[in-house]
Amino acid sequence: MHEGGFFYQAFVYLSAAVVAVPIAKRLGLGSVLGYLIAGVLIGPFVFGFIGEEGQDVMHFAEFGVVMMLFLVGLELQPSLLWKMRAPILGLGGLQVLVTAIIITVIVLIVSSLAWQTALAIGLTLALSSTAIVLQTLNEKGLLKSEGGQNAFSVLLFQDIAVIPILAILPLLAVKEVHHTGGHESHTLIENLPIIWQTLIVFGVIVSIIVAGRYLISPAFRLIAQTGLRELFTAAALLLVIGITLLMTQVGLSPALGTFLAGVVLAQSEYRHELETDIEPFKGLLLGLFFIAVGASIDFQLIIQNPGLIAMIVLGLVVIKLIILIVIGRLFGMKMDNNLLFAFGLAQGGEFAFVLFSYALQNGVIENNTANPLIAAVAISMALTPLLMVLNEKLIQPYFGTKEVSDREADVIDEKNQVIIAGFGRYGSTIGRFLQANGTQATYLDINPNNVDLLRKLGFKVFYGDASRHDLLHAAGAAEAKLLIIAVDDPDKAFEIVETAQKHFPNLEIISRSINWYNHYDMMDRNIQGVYREFFDSALRMAADALSFLGYRSYQVQRALKKFRRYDEKYLFKLAESRHERKTFIKTGRQFIEDLEKMILDDIENEAKDKDLGWDTTTIIEEFAPFVRKLKEESAKE
Amino acid sequence: MKVLVLFAHPAFHKSRINKILVDGISHIEGVTFHDLYEHYPEFDIDIQKEQDLLSKHDCVIFQHPFFWYSTPAILKEWQDLVLEHGWAFGSQGNALKGKLFFCALTTGGPQQAYQIGSFHNHTINQLLSPLRQTAILCKMVPLPPFVVHGTHAIEPDEVLDHKNDYFKILKLIINNEFDSEKAVKLNYLNDYLKMEEK
């Protein structure tokens, strides 16, 4: 390691990220470009804080891509994936095939390379960067648009296509190499007959699906029951790493395996929680990955051949752009989505680094051919966020933007308008009532046993901590109308209010309050409604007590409502006066004082049954003489 | 015949007259006494239950104090909800066909106050015409009202006399000794017994 080991390196990477990313975001360039710039800055060619080990870091950080696909899978219901089979195979297949052929032909025309080398280059450059595209689209909230979905389909196909490409490359060798065993191809099953390999690969895929469906949920339930949050995080990481190892052993793409696991788990009650746990790791590793890409751009090489590299980058981007636009058109994409799709995918991908080095090992390509190409791919990746900004700011506005609003409506479609945080005895009553009236809410609960039970009863409850903004986000808080807080922990309830107000200012909030101070705090937050958890049931019980004593139920009912109205008014007054007393101390004495004040006020003032409309006392006083007179008169007649 | 008394008094705990009138009424065989405010303090009237009750009886009585020339609020809510189209009225609505209907009311003013040109300027029957027409639309047989007048200045003995009359009429109806064709010609159902005596 460069100077001082791990902590030094971590310090350099993290400070580069912390400085560069906010600046890039502020400039509207997105975080990906920020990371890339940070990488360039700390790389060997600018400040030189890190040296050639950038390559190793990149290898490690590629794990971020694996995690990202796991998260993408979690967002994707199997039924949705099935619906996407046409774009994945059609759009993806066509893109890879056409791009590979055209690039191969062009390479053959402009250079004197062997056809095998040209084909390897064509296949490798046909692939785009999953990491950069998905991250950028996600950040812009465009992943669920038509263009975004199609881009995703193509990337998914490319992930699958890597496997046969890796298999073909050794066959394209133009010179003998001594096989020292490149680690990419070193799998447990490579010495088995092809039929066994195929069977094992299928077996692994099926076992991931089966385990995801039947084993993982109960396992997570057990882990969640321990109540140790970090254990859950550890389990989530273990899951992703385990799948990665397994896939590598059988020679499949780890990203593909975790994606599959993600899809299987998309219906699990732990979906939101898994998302929340993996998200920060993904974010950090992807950031690291982008930094590493930035740092690995070989400026020495670029300075030596600026014309050549520029030509390759330009050619790569333009060729891919044209092919993508044509294919997008073919598949009936509207112009704005097509542009998003094309500009998004018009770059080389991180697979190129792997494939070129694999091709080098297998004698398919020469060092002096591969290096400029690798540099060009890195540059094209770095250009992508910039191209997308360009598209968004300059090109897109010229084409009908009205489709954008259609697209947004689609996104909202998937989420519920109401989120209920806390689905215990309190929240489940709310949920049942809403459901009975045709309103489906998204339910979140932090108690795994409860989640388990309610799931058995047919409620789709998600396990997770609603005070975390990322979980709220995953539950659709950005699009929802109303957040109902029904948790029984006052601090947690207040935390949720704070988080929700901070991150989702448009979300209306109503909350259960657990005690006097909790209630005051919530009122200070100006949320749309605060409900003292036991107040209404205590009042109903008190009302029934009156009924047992022989009071008329209608009289009791009116008394109840009157008392509640009065009490709530008084509580509001108390909350206000509490503010005037700046030195207010939260003590039990204050509570008792407040309560005393309320009771005394009850005795002095109202809350007594008057119901004047039905009281005939004054009417009789006034009219009885008149009635009597009339009666006497008629008696005389 | 079976009699259903739909009783509505929002402040029964303050009642003087109706308290006496309904005392013991539920002990009369053939009478179902249904206290609406006690049953539905939150006005959440159970339509199905009310219709079932109506179907089981042959005579329906609205018993209530006369509030603002009409019934207390819950009886209006009851009509609005229970008397459904296709059940109580309309070409398919025959559930109440032929049942007797009348109001048993208490009112502070004496009968003389309920005359054209007098204090209220209308007769009780004029003021009750919406209810009477409701009964007609529901294919019921509307009878004149049973009225306890002058409750603002009434002696307990007088109330008891009224109660006796009221119970006697109920028993006649239950025992099928009641002639509704004669009754419809009266102004007040209170006069039925006197008419019979003659």
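The values are calculated or read from the model by the stated rules, or taken from the named source; none is laboratory data. No experiment lies behind these values; they were computed from the predicted model shown. Methodologically, a virtual Cβ is constructed for each residue, glycine included, from the backbone with ideal geometry; neighbour enumeration extends over all protein chains shown.
For segment A:90-97, check the following and say yes or no: at least one residue is within 25 Å of A:Gly212 (Cβ to Cβ), modelled with pLDDT of 85 or more and assigned to a helix (DSSP H, G or I).
The answer is yes; a qualifying residue exists.
Just to be sure before I move on: is A:Ala292 in contact with a helix residue (DSSP H, G or I) (Cβ under 7 Å, 6 or more places away or on another chain), buried (at least 24 other Cβ atoms within 10 Å of the Cβ) and closer than 28 Å to A:Ala20 by Cα in the structure I sent?
yes
Assuming B:Leu96 fulfils every condition listed in (1) out of contact with any Asp or Glu (no Cβ under 8 Å at 6 or more places or on another chain); (2) modelled with pLDDT under 95; (3) assigned to a loop (DSSP other than H, G, I, E, B) apart from one, which condition is it?
(2)
Mind listing whichever residues of segment B:99-118 are assigned to a loop (DSSP other than H, G, I, E, B), in contact with a strand residue (DSSP E or B) (Cβ under 7 Å, 6 or more places away or on another chain) and within 14 Å of chain A (Cβ to nearest Cβ)?
B:Thr107
Just a yes or no: is a residue in segment A:459-470 surrounded by fewer than 24 Cβ atoms within 10 Å (Cβ to Cβ), assigned to a helix (DSSP H, G or I), touching a residue at least 12 places away in the same chain (Cβ under 8 Å) and touching a His at 6+ places or on another chain (Cβ under 8 Å)?
Looking through segment A:459-470, at least one residue is surrounded by fewer than 24 Cβ atoms within 10 Å (Cβ to Cβ), assigned to a helix (DSSP H, G or I), touching a residue at least 12 places away in the same chain (Cβ under 8 Å) and touching a His at 6+ places or on another chain (Cβ under 8 Å).
Answer yes if at least one residue in segment B:24-39 is aromatic (Phe, Trp, Tyr), in a helix (DSSP H, G or I) and under 17 Å from the mean Cα position of the chain (by Cα), and no otherwise.
yes
Determine whether segment A:443-458 contains at least one residue that is among the polar types (S, T, N, Q) and either at pLDDT 80 or above or in the same structural domain as A:Met333 (by TED's automatic domain parsing) (or both).
No, segment A:443-458 has no match at all.
Take the residues in segment A:98-131 that are modelled with pLDDT under 90 and under 25 Å from A:Leu330 (Cα atoms), then tell me which one is nearest to the chain's Cα centre (by Cα).
A:Thr130
Out of (1) of a type in the set (A, V, I, L, M, F, W, C); (2) under 25 Å from the mean Cα position of the chain (by Cα); (3) modelled with pLDDT under 80, the odd one out for A:Leu14 is which?
(3)
Which ones in segment A:348-380 are in a helix (DSSP H, G or I), under 19 Å from A:Asn305 (Cα atoms) and of a type outside the set (Gly, Ala, Ser)?
A:Asn367, A:Asn368, A:Thr369, A:Asn371, A:Pro372, A:Leu373, A:Ile374, A:Val377, A:Ile379
Each row is one residue, and each column tells you yes or no for (1) over 19 Å from A:Leu308 (Cβ atoms); (2) touching a residue at least 12 places away in the same chain (Cβ under 8 Å).
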{"position": "A:Arg85", "(1), (2)": "yes, no"}
{"position": "A:Thr99", "(1), (2)": "yes, yes"}
{"position": "A:Ile103", "(1), (2)": "no, yes"}
{"position": "A:Ile109", "(1), (2)": "no, no"}
{"position": "A:Leu113", "(1), (2)": "no, yes"}
{"position": "A:Ala118", "(1), (2)": "no, yes"}
{"position": "A:Gly122", "(1), (2)": "no, yes"}
{"position": "A:Ser128", "(1), (2)": "yes, yes"}
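Going by what's in this entry, would B:Asn121 be described as over 17 Å from B:Leu21 (Cβ atoms), more than 14 Å from chain A (Cβ to nearest Cβ), in contact (Cβ under 8 Å) with a residue 60 or more places away in the chain and surrounded by fewer than 18 Cβ atoms within 10 Å (Cβ to Cβ)?
no
Taking only pairs six or more apart or across chains, which ones have beta-carbon atoms under 6 Å, a first residue in segment A:351-371 that is without any contact (Cβ under 8 Å) to a residue 12 or more places away in the chain, and a second residue that is crowded, with 21+ Cβ neighbours inside 10 Å?
Note: pairs meeting the criteria are A:Leu360/A:Ala370.
Please go through segment B:96-118 and pick out each residue that is surrounded by fewer than 15 Cβ atoms within 10 Å (Cβ to Cβ) and hydrophobic (A, V, I, L, M, F, W, C).
Of everything in segment B:96-118, just one residue is surrounded by fewer than 15 Cβ atoms within 10 Å (Cβ to Cβ) and hydrophobic (A, V, I, L, M, F, W, C), namely B:Ile116.
Considering segment B:10-23 alone, what residues qualify as being among the hydrophobic types (A, V, I, L, M, F, W, C), within 7 Å of another protein chain (Cβ to nearest Cβ) and within 17 Å of the chain's Cα centre (by Cα)?
Correct list: B:Phe12 only.
Could you list, in sequence order, the residues of segment A:555-569 that are under 15 Å from A:Ala538 (Cβ atoms) and either among the charged types (D, E, K, R) or within 14 Å of chain B (Cβ to nearest Cβ) (or both)?
If the condition is that a residue be under 15 Å from A:Ala538 (Cβ atoms) and either among the charged types (D, E, K, R) or within 14 Å of chain B (Cβ to nearest Cβ) (or both), then A:Val556, A:Ala559, A:Leu560, A:Lys561, A:Arg564, A:Asp567, A:Glu568 are the ones that fit.
Which residue, of B:Pro110, B:Pro145, B:Pro130, is under 13 Å from the mean Cα position of the chain (by Cα) and of a type outside the set (S, T, N, Q)?
B:Pro145
Among the residues of segment A:508-552, which ones are assigned to a helix (DSSP H, G or I), within 14 Å of chain B (Cβ to nearest Cβ) and surrounded by fewer than 19 Cβ atoms within 10 Å (Cβ to Cβ)?
A:Asp536, A:Leu539, A:Arg540, A:Asp544, A:Leu546, A:Ser547, A:Phe548
Residues of segment B:36-54 being within 14 Å of chain A (Cβ to nearest Cβ) and touching a His at 6+ places or on another chain (Cβ under 8 Å), which ones?
B:Tyr37
Please enumerate the residues belonging to segment A:172-192 that are exposed (fewer than 11 other Cβ atoms within 10 Å of the Cβ) and modelled with pLDDT of 75 or more.
If the condition is that a residue be exposed (fewer than 11 other Cβ atoms within 10 Å of the Cβ) and modelled with pLDDT of 75 or more, then no residue fits.
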